[in-house]
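Here the structure comes first, spelled out in C-alpha cells, and everything after it is commentary.
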There are 2 protein chains.
Amino acid sequence: MKLTMRLGRASYDIILSRGALGRLGKLANLTNRRALVVTDDGVPAQYADAVLAQCVQGGAKLVLKAGEETKSLAGFETILHKLLDEGFTRRDVVVAVGGGVVGDLAGFAAACYMRGVAFINCPTTTLSQVDSSIGGKTAVDFGGVKNIVGAFYQPEIVVIDPDTLDTLPQRHYVNGLAEAVKAGLIGDEYLFELFEEDDVHEHIEEVLCRALAVKKNVVEKDEREKGLRAALNFGHTIGHAIEAASGGALYHGECVALGMLPMIEDKLLLQRTKDVYKKLGLPTAASYDAAKVTAYLRHDKKASSQKGLTVVRVPELGSYRLDKATFEEIETLVRAGLG
Amino acid sequence: MKLTMRLGRASYDIILSRGALGRLGKLANLTNRRALVVTDDGVPAQYADAVLAQCVQGGAKLVLKAGEETKSLAGFETILHKLLDEGFTRRDVVVAVGGGVVGDLAGFAAACYMRGVAFINCPTTTLSQVDSSIGGKTAVDFGGVKNIVGAFYQPEIVVIDPDTLDTLPQRHYVNGLAEAVKAGLIGDEYLFELFEEDDVHEHIEEVLCRALAVKKNVVEKDEREKGLRAALNFGHTIGHAIEAASGGALYHGECVALGMLPMIEDKLLLQRTKDVYKKLGLPTAASYDAAKVTAYLRHDKKASSQKGLTVVRVPELGSYRLDKATFEEIETLVRAGLG
C-alpha cells in the first residue's frame, strides 16, 4: 500500500508493506549515496542490519541507548558527531530504524546536519508506524519539556514494515493502537468499527493504513501546526499530564487513551470506546492523584494563555471540535471522568 | 529603502534606513508579543537597549560573549534555556542585534525553539548588513567545522540601520565591504565602479543596497543552496582555507578578498580589483604557508568528492561561472596568485 503525503516540494510516499525493510534499497535510493543507520538497543539488531546490508555505497550504524532520555541535545550531538566523523556529505542520507525516539532524534539531526540531509524513516513500533513517523515533526526534549526543541522536517520516504511488530512486546503493541483508535474517533467511523468488530492483529495493515490516512489528511492541510493540526492532539492535553503524573508507570498511548475519555461528549460512544479499550487491553481508568494531573496541565509550557487551553472534543463518532476550555473546566472533567 | 525577498510563504522585507533601529516597533510588530533580544558584549549596549525599549509587551535581553567560539551548540543551548526560563511561547519573537555570530546563532535557536518562532534580524556590522543577515542560513560551528549544523530559516523581517556602522572599528568596517566587492564582481558592474570611483562611506546606503540586491536575486532562485547559490561562494573556497591557515590573524572578509583574486580570469580586472582593495584597505597579498592552505582545502568537509571542488570563477566584470577544479589546479592557483 502506498500513501502520498502531498506537501508541495516536500511531498513524500509512505510505503506500508510486509517485508518492506528487506526491499528498502529498491524502495528508496541507496545505490549512489552512503547511509547512516540510526537505531537503539531496544530494537532487534536484525532490522538495522538488514538496512545496512542494502547500502551498496557503504554506510555506518549508530546504536543509541533505548529510552526517552536519549531524546536530548546530548543524543542529537551524538548523531552529529557520527555524521561528521564518518565524513557524511549533503548527498548522503540518515535512516532511522526504530520507534518514535529514534525517528524524532535522527530526523532532527538530519534536519540540521549541513542544514539538512535526506532522511528516511523506518518505524518499527505500532506507535511510530501509526503516528510519529509521518507529519514531519522532529524534536528533542529540553529543560524538562517534551519536544520543545526541534524542526518541521519532512522525510524523503517512510517505509513501514508491519512484520517488525512481531518482535514487539504485547503491551507496546497495544500502546500504539491507542493512536489508531484516536484516528477512528476523530475521523474514520469504519476504522473505529473495525476495532469493535474484528480481530485487530489480523487486520493490522488496514488499521495502520486507515489511521495514517486520517493523519495525512490533517497534516496536508496544516503542515506547520498553525491550527487545524491541533485535532491530532485529541486525548493528548490530559494524556500528557497523566503521563507526567504517572512518572513513567503508564505508556504514552495508554495515557492518550485515558485522556480521550473525558473529551468524548456522547455517552454511548464513550461506552463503546471503553469496550474497545477492554478488548485491546488498554486502561479505562487509572488511580492517580487528580490534583497532580491538573498541576501538570497548568504548567504546560505550550499553554496559549494563563487562563486555559485549546482542547479537542469529539461530539460524535468520526468528528471533532476545537474548543477553548478554562483550567477549571478541564479539572472538573479530569476528576469526574478519571478519578 | 526596501527590498522584498520573494520566497513564497517565506517572503520577507529587508528595510535599509538610517535610524531604523529606533523605529523597529513600527517596522515590525512588537505590540502584541514578547521579544527576546539577543546581542553580544562586542556590540554597543545602546542598540539592543533601544530595541528592548520598544517591546511594549515586555521582553528580555541576552548578552552573549563576543566571538566565533560563541557560535556553538553550547551558545545555542544558552539561548534555548533563556527562552524556556522566560516562558516564551510560539507567538513570541527572537530579535538578533549584532553581527553574523549573533544572527546565525539566534536565528538557529529561533528555528528550533518550539520547532520555530518568529525571528527578526537587526545586523549592526558591515559584514552582516551586506551578507549574512539575508539568505536564511542559520548555523553553529561543530567539531571544528564552520556552519556545519544549522537550518535554512527565513527571518520575518531584516532591519538594517547603517548608523550602527559609526561605532564599528575601521578594520571591521572594511572587512565587510569585501563581500560587497564580491557582489559587484559577480553581478553588478555599477557597484564595482562605485568602489573604484566614489567615496564608499558617503555612498554606504547604495553600496549595501546594491550588494543585497545581488544576493537576493541569487537566493530567490535557490533558497536551499541546491546549485546556483554556489555563486555567492566566490572567493570563499580558498578564503576559508586562508582563514583557517591564518589562525585568526585575518578577518573573514579579508580572506574572501584574497580568495577571490586567483579566480578572476581577466588580467585587467584582476588589477582593477587589487586597486579597489588598496583604496579600501583590504589586503592584496598575505604571507602564509601555501601548503597549509591547500591542506585545509583538501580537508574541507563540504568537498563534493575526494578529487576536487566546485569553484566560482569570474571571467569578466559582473559575471561568474561554476566550474569543477581538481585540488592540484586550485593549489597551483593558490601558489601563483597568493604565495
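The values are calculated or read from the model by the stated rules, or taken from the named source; none is laboratory data. Keep in mind it's a predicted model, so treat the numbers as computed, not measured. Using ideal geometry, Cβ is built from the backbone for each residue, glycine included, and neighbour counts are taken over all protein chains shown. Just so you know, the surface numbers come from the protein's heavy atoms only, side chains and all, with ligands and any DNA or RNA stripped out. Shrake-Rupley method; radii C 1.70, N 1.55, O 1.52, S 1.80 Å.
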Q.
So the label point sits 7 Å from Cα along the Cα-to-Cβ vector; using that for A:R321, what distances do you get to the other copies, in nanometres, sorted shortest first?
A. 6.9
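About its Cα centre, what dipole magnitude does chain A give when the only charges are +1 on Lys and Arg Cβ and -1 on Asp and Glu Cβ, stated in debye to the nearest 20? Can you show the working numbers first?
Numbers: 40 positive and 44 negative charges, 231 e Å.
Dipole about the Cα centre, nearest 20: 1100 debye.
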Q | Rounded, prolate or oblate (a/c below 1.5 giving rounded, otherwise prolate when a/b exceeds b/c) for the range A:26-175 by Cα gyration tensor | A | oblate
Q. Label B:R9 and A:S17 with points 7 Å out from Cα along Cα→Cβ: what is the distance between them in nm?
A. 3.0 nm
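For the range B:226-297, which trypsin sites (Lys or Arg not before Pro) are in a loop by DSSP, counting at most 14 other Cβ atoms within 10 Å? Don't skip to the answer; put the middle values down first.
Details: sites: B:K226, B:R229, B:K267, B:R272, B:K274, B:K278, B:K279, B:K292; in loops: B:K226.
Answer by residue number: B:K226.
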Q. Taking springs between alpha-carbon atoms closer than 10 angstrom, which of A:A178, A:A110, A:A285 fluctuates most in the Gaussian network model of chain A?
A. A:A285
Q: Considering Cα pairs under 8 angstrom that are at least six residues apart, work out the relative contact order of chain A and quote it in whole percent.
A: 14 percent
Q: Give me the angle, in degrees from 0 to 90, between the Cα long axis of helix A:236-246 and the longest principal axis of the Cα atoms of chain A, rounded to the nearest 10.
A: 90 degrees
Q) Taking every pair of alpha-carbon atoms in the range A:104-205, what share in percent sits in each 10 Å bin, from 0 to the bin with the longest distance? A) 14, 37, 33, 14, 1
Q) Under the classification rounded if a/c is under 1.5, otherwise prolate if a/b is larger than b/c and oblate if not, where does the protein assembly as shown fall, given a ≥ b ≥ c as square roots of the Cα gyration tensor eigenvalues? A) prolate
(Q) Given a 1.4 angstrom probe, I'd like the percentage of the accessible area of the range A:92-164 that is carbon and sulfur, rounded to a whole number. (A) 50 percent
Q) Where does the protein assembly as shown land at 222 nm, in deg cm²/dmol rounded to the nearest 500, when only DSSP H runs of n ≥ 4 count, each adding -39500 (n - 2.57), divided by all residues? A) -12500 deg cm²/dmol
Q) Given springs between every Cα pair under 10 Å in a Gaussian network model of chain B, which of B:A45, B:A35, B:A96 has the largest fluctuation? A) B:A45
Q | Dipole in debye (nearest 20) - the range B:123-280, about Cα centre, beta carbon charges: Lys, Arg +1; Asp, Glu -1 | A | 740 debye
Q) What net charge is computed for the residues neighbouring B:E265, neighbours being all others with C-beta under 12 Å from the C-beta of B:E265, Lys and Arg scored +1, Asp and Glu -1? A) 0
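In debye, nearest 20, what is the charge dipole magnitude of the range B:1-70 about its Cα centre with +1 on Lys and Arg Cβ and -1 on Asp and Glu Cβ, if you could check?
Values: 10 positive and 6 negative charges, 107 e Å.
Dipole of the range B:1-70, to the nearest 20 debye: 520 debye.
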Q: Kindly tabulate the residues in the range A:107-134 with an accessible-area decrease of at least 30 Å² between the chain alone and the assembly of all protein chains, using a probe of 1.4 Å.
A: A:C112, A:M114, A:R115
**Q.** Delta accessible area of at least 30 Å² on complex formation, residues of the range A:140-167, 1.4 Å probe, chain isolated as reference
**A.** A:F142, A:I148, A:V149, A:G150, A:F152
Q. Which of A:L250, A:G67, A:N32 sits closest to the plus end of the dipole of chain A, meaning its Cα is farthest towards the positive end, when Lys and Arg get +1 and Asp and Glu get -1 on the C-beta?
A. A:N32
Q: Using only Cα atoms, find the angle between the long axis of helix B:327-338 and the longest principal axis of chain B, and express it within 0 to 90 degrees, rounded to the nearest 10.
A: 90 degrees
Q | the range A:100-152 - Rg (one decimal) and Dmax (whole number), Cα, Å | A | 10.8, 31
Q: Enter the angle in degrees (range 0 to 90, nearest 10) between the Cα long axis of helix A:100-112 and the first principal axis of the Cα atoms of chain A, meaning the one along which they spread out most.
A: 60 degrees
Q: Would you mind checking A:K2/B:K82; B:K26/B:K65; A:K82/A:K146; A:K26/B:K307 for any pair whose Cα atoms are more than 32 angstrom apart?
A: A:K2/B:K82
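How about the range A:158-237: which GluC sites (Glu not before Pro) there are in a DSSP loop, with at most 14 other Cβ atoms within 10 Å of their Cβ? It would help to have the intermediate numbers written out before the result.
Details: sites: A:E179, A:E189, A:E193, A:E196, A:E197, A:E202, A:E205, A:E206, A:E220, A:E223, A:E225; in loops: A:E202, A:E223, A:E225.
In loop regions of the range A:158-237 (DSSP not H, G, I, E or B), the sparsely surrounded GluC sites (Glu not before Pro) are A:E202.
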(Q) Can you return the aspartates and glutamates within cross-link range of B:K215? Criterion is Cα-Cα under 12 Å, with same-chain partners fewer than 8 residues away left out. (A) B:D131, B:E179, B:D188, B:E223
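Please work out how much length the chain gains when fully extended from A:R91 to A:E193, using 0.36 nm per residue of separation minus the C-alpha to C-alpha distance, in nm with one decimal. Kindly include the intermediate steps, with their values, before the conclusion.
Working: separation 102, 0.36 × 102 = 36.72 nm, distance 4.51 nm.
Here the answer is 32.2 nm.
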(Q) Straight-line reach only, C-alpha to C-alpha below 19 angstrom: list the lysines that A:K279 could link to, leaving out same-chain residues fewer than 8 apart. (A) A:K182, A:K267
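What are the GluC sites (Glu not before Pro) within the range B:54-157 that DSSP puts in a loop, where the Cβ has at most 15 other Cβ atoms within 10 Å?
Details: sites: B:E68, B:E69, B:E77, B:E86, B:E156; in loops: B:E86, B:E156.
Loop-located and lightly packed - B:E86.
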Q: Calculate the spin-label point distance for A:L322 paired with A:Y296, positioning each point 7 Å from the Cα along the beta-carbon direction, and give it in nanometres.
A: 2.4 nm
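Where only protein heavy atoms count, and the probe is 1.4 Å, what is the accessible area per residue for chain A in Å²? Walk me through the intermediate numbers first.
Numbers: 13130 Å² over 339 residues.
Per-residue value: 39 Å².
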